[in-house]
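Novice: Structure provided below as structure tokens; questions to follow.
The values are calculated or read from the model by the stated rules, or taken from the named source; none is laboratory data. None of the values given here were measured: they were computed from a predicted structure. As a convention, Cβ positions derive from the backbone with ideal geometry for all residues, glycine included, and neighbour counts pool all protein chains shown. Keep in mind that these areas ignore ligands, DNA and RNA; they rest on the heavy atoms of the full protein, side chains included. Shrake-Rupley method; radii C 1.70, N 1.55, O 1.52, S 1.80 Å.
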Amino acid sequence: MNRRSLIVLLLLASHATQGEAAGIMDKFRGWMRAIPGLGGGDNDKRADASSKSMPRVRLKPFTGGTGVSATTALREELLTSREFFVAGEDEKADFILEGSSVGGRVTGTLRDGRSKELFQRTYAAPGLDENLKAFADDIIYTITGRPGLATSRIVFVSDTSGRRQIYVCNAEGGDVHQVTHDKHGAVSPTLSPDSSLVAFTCYRSGFPVVNLLDLHAGWERGITDTPGSSFGAAFSPDGSHLALVMSFIGNPEIFVSDLNTNTAACVSDSVGAPSSPSWHPDGKQIVFANDDGDGPKLYVVEVPQKEGQSSRLFRWRTGYHFCTDPEWSPDGRTIAFTTRKGGEWAVAIKPYPSGGARLIQAGGAQHPSWSPNGRFITYTQHGELFVHDVRGGSRRQILTGFGRISEPRWMR
């Protein structure tokens, strides 16, 4: 390939759709690997090993009036997921997809390489895009055993309206909706596991309190009727409880609030200023930051499973002096957190309970949150929203020019 051809190839990639661009860049990487001194080595071996381990899916053209559009859109969703390869007609495939789409309604079937039916489902939401995203997530979960991201949502804070408010977008930074319209502003959002509820901190009474908003029904209520401040809520894995900071007993502590009974129980006994609680996926532990005057550190507390049961609190050492915004990965094996590097914010991860910490992104990155499948982390950097592939190391900016974005949280 000469220089002119290379320039044309890169220009095509810059104006192509995401799926087309992926194909063009695959050709570019293949050409680069063919050049002595540029392509070989351990990186290629790792890439080849990854390619061989990823399942191959053949997507047959959908029938029906909106079949062509459905086929194209589903292919885009599958390529975006980075979970498997979309094989051509003449290529060997581990799985086969076929279906129909009429008026946006989608019926899809997934078979294995031996044509054994794994599932057949009909998706009848009002929009074609919504149906295909649900179908793509079902495909991903059936093949990999991990949740797909097509229907997942990210909640975040932005000051684009002139005051900080809560917004929701999809995993690609699209379909942005404003959730709160509070004249005093709203911060620290967290989404329930089914994305039907958002808890956030507002300042209507002059001090921070946590409110709960139903995104479907539109109702809003406070979490408790106790005096004092409350902030920094996080939904439990089953969505029935909230961990949050409350100060009605004097010093702020980590409490667990039962959303069914509106009662709250203190689970920490700390000295300082706790913040940013996050649940372990099994619902039995909470990690949080606590600043006793010497910079925030991370602590883990065991959540009592029975009334009257005592809890155990201990410091979890990360190797960094400054640590905040912790969040457990969906499998409970890793914690992401914000730290300091060279005087700037940075995002790091560390295996739990032990292992070496790894810096994911420096230069002002903060507020990390894991994707439901545990492969990606979203964070903000200089007021823009990014998604970072923890496994591959690449990242992409998904939302910019939308005021100053902060505190993203990915649904579980």
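Novice: Do the conditions hold for LEU242, that is, is it hydrophobic (A, V, I, L, M, F, W, C) and closer than 30 Å to THR80 by Cβ?
Specialist: No, not satisfied.
Novice: Has segment 149-156 got at least one residue that is aliphatic (A, V, I, L, M), open to solvent by 20 Å² or more (accessible area, probe 1.4 Å), in contact with a strand residue (DSSP E or B) (Cβ under 9 Å, 6 or more places away or on another chain) and under 21 Å from SER278 (Cα atoms)? Walk me through how you get there before you give the answer.
Specialist: Here is the first cut: in segment 149-156, the residues aliphatic (A, V, I, L, M) are 149-150, 154-155.
Remaining after also requiring open to solvent by 20 Å² or more (accessible area, probe 1.4 Å): 149.
When the remaining residues are screened for being in contact with a strand residue (DSSP E or B) (Cβ under 9 Å, 6 or more places away or on another chain), the result is 149.
After this cut, where a residue has to be under 21 Å from SER278 (Cα atoms) as well, the list is 149.
Within segment 149-156, one or more residues are aliphatic (A, V, I, L, M), open to solvent by 20 Å² or more (accessible area, probe 1.4 Å), in contact with a strand residue (DSSP E or B) (Cβ under 9 Å, 6 or more places away or on another chain) and under 21 Å from SER278 (Cα atoms).
Novice: For segment 370-391: of the residues being outside any strand (DSSP E or B) and of a type outside the set (Val, Ile, Thr), which is nearest to ALA346 (Cα to Cα)? Write out each step before concluding.
Specialist: Our first condition is that a residue be outside any strand (DSSP E or B); within segment 370-391, this holds for 371-375, 382-383, 390-391.
Pick out the ones that are also of a type outside the set (Val, Ile, Thr) and you get 371-375, 382-383, 391.
Numbers: SER371: 18, PRO372: 22, ASN373: 22, GLY374: 19, ARG375: 19, HIS382: 11, GLY383: 14, ARG391: 18 Å.
It comes out as HIS382.
Novice: When you go through PRO193, PRO189 one by one, which is the residue that is surrounded by fewer than 20 Cβ atoms within 10 Å (Cβ to Cβ) and either under 24 Å from ILE377 (Cβ atoms) or touching a helix residue (DSSP H, G or I) at 6+ places or on another chain (Cβ under 6 Å) (or both)?
Specialist: Sole residue among the options that is surrounded by fewer than 20 Cβ atoms within 10 Å (Cβ to Cβ) and either under 24 Å from ILE377 (Cβ atoms) or touching a helix residue (DSSP H, G or I) at 6+ places or on another chain (Cβ under 6 Å) (or both): PRO193.
Novice: I would also like to ask the following. Does GLU89 qualify as being at negative phi, part of a helix (DSSP H, G or I) and not basic (Lys, Arg)? I'd like the intermediate steps shown before the answer.
Specialist: On the way: at negative phi: yes; part of a helix (DSSP H, G or I): no; not basic (Lys, Arg): yes.
The answer is no for GLU89.
Novice: Looking only at segment 330-342, filter to residues that are out of contact with any Asp or Glu (no Cβ under 9 Å at 6 or more places or on another chain) and more than 19 Å from LYS297 (Cβ to Cβ); which one of those is least open to solvent (accessible area, probe 1.4 Å)?
Specialist: PRO330
Novice: Taking into account only those residues within segment 343-356 that are more than 20 Å from PRO281 (Cβ to Cβ), at pLDDT 95 or above and open to solvent by 40 Å² or more (accessible area, probe 1.4 Å), which is nearest to the chain's Cα centre (by Cα)?
Specialist: Filtering segment 343-356 for residues that are more than 20 Å from PRO281 (Cβ to Cβ), at pLDDT 95 or above and open to solvent by 40 Å² or more (accessible area, probe 1.4 Å), the one nearest to the chain's Cα centre (by Cα) comes out as TRP345.
Novice: Give me the residue from segment 295-329 that is in contact with a Ser or Thr (Cβ under 9 Å, 6 or more places away or on another chain) and among the polar types (S, T, N, Q) and, out of that set, surrounded by the most Cβ atoms within 10 Å (Cβ to Cβ).
Specialist: Among residues in segment 295-329 that are in contact with a Ser or Thr (Cβ under 9 Å, 6 or more places away or on another chain) and among the polar types (S, T, N, Q), the one surrounded by the most Cβ atoms within 10 Å (Cβ to Cβ) is THR324.
Novice: Of THR80, THR151, which residue is closer than 29 Å to ILE377 by Cα, without any contact (Cβ under 8 Å) to a residue 24 or more places away in the chain and polar (S, T, N, Q)? Can you show your working first?
Specialist: On the way: THR80 fails: without any contact (Cβ under 8 Å) to a residue 24 or more places away in the chain.
Matching residue, one of THR80, THR151: THR151.
Novice: Cβ-Cβ under 9 Å, sequence separation 6+ or interchain: first residue in segment 345-362 and closer than 19 Å to GLU384 by Cα, partner assigned to a strand (DSSP E or B) and of a type in the set (Asp, Glu). Which pairs?
Specialist: As it stands, the answer is VAL347/ASP325; ALA362/GLU344, since those pairs meet every condition given.
Residue-wise test of (1) surrounded by 19 or more Cβ atoms within 10 Å (Cβ to Cβ); (2) modelled with pLDDT under 95; (3) over 29 Å from THR201 (Cβ atoms); (4) out of contact with any strand residue (DSSP E or B) (no Cβ under 8 Å at 6 or more places or on another chain).
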residue: ARG121; (1), (2), (3), (4): no, no, yes, no
residue: ALA125; (1), (2), (3), (4): no, yes, yes, yes
residue: PRO147; (1), (2), (3), (4): no, yes, no, yes
residue: SER158; (1), (2), (3), (4): yes, no, no, no
residue: GLN165; (1), (2), (3), (4): yes, no, no, no
residue: CYS169; (1), (2), (3), (4): yes, no, no, no
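Novice: Now for a separate question. Evaluate segment 301-312: report whether one residue or more is in contact (Cβ under 8 Å) with a residue 12 or more places away in the chain, among the small types (Gly, Ala, Ser) and within 25 Å of MET411 (Cβ to Cβ). Spell out how you get there, then give the answer.
Specialist: Initial filter on segment 301-312 (in contact (Cβ under 8 Å) with a residue 12 or more places away in the chain): 301-305, 311.
Keeping just the survivors that are among the small types (Gly, Ala, Ser) gives 311.
Then drop every residue that is not within 25 Å of MET411 (Cβ to Cβ), which leaves none.
No, segment 301-312 has no match at all.
Novice: How many residues, within segment 60-77, are of a type outside the set (Gly, Ala, Ser), closer than 15 Å to GLY103 by Cβ and open to solvent by 30 Å² or more (accessible area, probe 1.4 Å)? Break it down stepwise before answering.
Specialist: The initial filter retains those residues of segment 60-77 that are of a type outside the set (Gly, Ala, Ser), namely 60-63, 66, 68, 71-72, 74-77.
Still in the running and closer than 15 Å to GLY103 by Cβ: 62-63, 66, 68.
Filter once more, keeping what is open to solvent by 30 Å² or more (accessible area, probe 1.4 Å): 63, 66, 68.
Of the residues in that region, 3 qualify.
Novice: While we're on this one: Can you pull out every residue in segment 139-169 that is charged (D, E, K, R) and under 16 Å from ARG412 (Cα atoms)? Even if it seems obvious, please write down each step before you answer.
Specialist: Step one: of segment 139-169, the residues charged (D, E, K, R) are 146, 153, 159, 163-164.
Residues satisfying the conditions are ARG146, ARG153.
Novice: Could I ask something else about it? Just for segment 175-195: of the residues that are of a type in the set (D, E, K, R) and under 19 Å from ARG412 (Cα atoms), which one is nearest to the chain's Cα centre (by Cα)?
Specialist: Filtering segment 175-195 for residues of a type in the set (D, E, K, R) gives 175, 182-183, 194.
Still in the running and under 19 Å from ARG412 (Cα atoms): 175, 194.
Details: ASP175: 15, ASP194: 13 Å.
Taking the candidates together, the pick is ASP194.
Novice: Oh, and also: Report, by residue number, each residue of segment 217-269 that is more than 23 Å from the chain's Cα centre (by Cα), in a loop (DSSP other than H, G, I, E, B) and among the charged types (D, E, K, R).
Specialist: ASP225, ASP269
Novice: Let me ask you something else. Of all residues in segment 261-291, how many are open to solvent by 20 Å² or more (accessible area, probe 1.4 Å) and either modelled with pLDDT of 90 or more or among the hydrophobic types (A, V, I, L, M, F, W, C) (or both)? Show your work before the answer.
Specialist: Taking segment 261-291 first, the residues open to solvent by 20 Å² or more (accessible area, probe 1.4 Å) are 261-266, 269, 271-273, 275-276, 279-282, 284-285, 291.
Filter once more, keeping what is either modelled with pLDDT of 90 or more or among the hydrophobic types (A, V, I, L, M, F, W, C) (or both): 264-266, 271, 273, 275-276, 279-282, 284-285, 291.
So the count comes out to 14.
Novice: Take the residues in segment 92-103 that are part of a loop (DSSP other than H, G, I, E, B) and of a type outside the set (Lys, Arg), then tell me which one is least open to solvent (accessible area, probe 1.4 Å). Can you show your working first?
Specialist: Filtering segment 92-103 down to residues part of a loop (DSSP other than H, G, I, E, B) leaves 92-94, 103.
Filter once more, keeping what is of a type outside the set (Lys, Arg): 93-94, 103.
Numbers: ALA93: 16, ASP94: 68, GLY103: 71 Å².
Here the residue is ALA93.
Novice: Answer yes or no as to whether TRP316 is closer than 28 Å to ASP258 by Cβ, in contact (Cβ under 8 Å) with a residue 40 or more places away in the chain and of a type in the set (Phe, Trp, Tyr). If you could, list the steps in order and put the result at the bottom.
Specialist: Values: closer than 28 Å to ASP258 by Cβ: yes; in contact (Cβ under 8 Å) with a residue 40 or more places away in the chain: no; of a type in the set (Phe, Trp, Tyr): yes.
It is false that TRP316 is closer than 28 Å to ASP258 by Cβ, in contact (Cβ under 8 Å) with a residue 40 or more places away in the chain and of a type in the set (Phe, Trp, Tyr).
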